[in-house]
Amino acid sequence: MPRRRKPVVALDVDGTLAQYHAHFIRFASEWTGKEIPLGYNGKVPFPQWCGMSKARYRQCKLAYRQGGMKRSMPTYPYARELTVGLRRAGAEVVICTTRPYLHLSNIEPDTLHWLRRNGIQYDDIIIGEHKYRQLAREYGKENIVMCLEDQEDQLLVGATIGLPMIAAVRAHNAFLLEPPNDIFHPVFDLDAARALGVRKVQEWKAAARKVK
């Protein structure tokens, strides 16, 4: 059942607010004992960039998660300012992540620690594989004004549901700008995302006043 009517902005974490790929590569270089180049550009699968088989990559990723590395991941610039600005504009900020909390007991506390450590303001957090379906079910599609996401598959899932998906364009997903993938509104930094989100919140409020 959707909650009270209020404009909602959903924010992904890894690769959107947080600099996941570079952080993971530094860990993986230590874990494997071989130097893995930074600057992942998304043109090959991430395990291949890291020089690992899928099985080896899963082992490394498990070690990364179990070791609490999510706690020290750096943010992209303006991550805190994005959330502060959205909430000041009257938005309800929902953190949405696919981190596998059902399998690893430290995922949720590590995520909460990261949010607190970096001053990320939010009203709710949704963790799970079907985060956007849960978001739509709990808040109502009509109240969701923006979903900021970096992964193409999740952008497509959200768009299929009918959510307003915004692509956070990074070095690892610049291919989203290339035809025929240029179907998502792109933003290139979190300050631009803040400005766009605030505008969408204001538009939602104006439309709500007209309905009254």
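Semi-axes of the equivalent ellipsoid for the stretch 114-187, please: Cα gyration tensor eigenvalues, times 5, square-rooted, ordered largest first, whole Å.
Here the semi-axes work out to 22, 17, 10 Å.
Do the sum for the chain: with -39,500 (n - 2.57) for every DSSP H run of n ≥ 4, divided by all residues, what is the mean residue ellipticity at 222 nm, to the nearest 500 deg cm²/dmol?
The helix-only estimate for the chain comes to -13500 deg cm²/dmol at 222 nm.
Enumerate the residues in the stretch 58-93 having an amide nitrogen under 17 Å from the point lying 7 Å beyond the Cα of H113 toward its Cβ.
Of the residues in the stretch 58-93, 62-75 have backbone N under 17 Å from the label point off H113.
Out of L82, L62, L190, any idea which swings most in a Gaussian network model of the chain, alpha carbons joined below 10 Å?
Looking only at L82, L62, L190, the largest GNM fluctuation is found for L62.
Could you work out the local net charge near G67, counting Lys and Arg as +1, Asp and Glu as -1, over the other residues with Cβ closer than 14 Å to its Cβ?
+3
Roughly what would the spin-label model give for T32 and K6, points 7 Å off Cα along C-beta, in nm?
If labels sit at T32 and K6, their model points lie 4.5 nm apart.
What does the extension gain come out to for D191 and A22, with contour length at 0.36 nm per residue minus their alpha carbon separation?
Stretched out fully, the D191 to A22 stretch lengthens by 58.8 nm.
In the stretch 34-64, which trypsin sites (Lys or Arg not before Pro) fall in coil by DSSP and have 16 or fewer other Cβ atoms within 10 Å?
Within the stretch 34-64, the qualifying trypsin sites (Lys or Arg not before Pro) (loop, at most 16 other Cβ atoms within 10 Å) are K34, K43.
For K131, which lysines qualify as cross-link partners when the Cα separation must be under 16 Å and same-chain residues fewer than eight apart are set aside?
K141
When the C-alpha atoms of the chain are aligned to their principal axes, what extent does each axis show, in angstrom, from largest down?
62, 39, 28
For the stretch 20-72, report the convex hull volume of the alpha-carbon atoms normalised per residue, in Å³, without decimals.
68
Taken together, the values in this text are just the output of simple stated rules run on the coordinates, not laboratory data. Keep in mind that this is a model prediction, so the values were computed, not measured. So basically every Cβ, Gly included, is an ideal-geometry build from the backbone, and we count neighbours across all protein chains shown.
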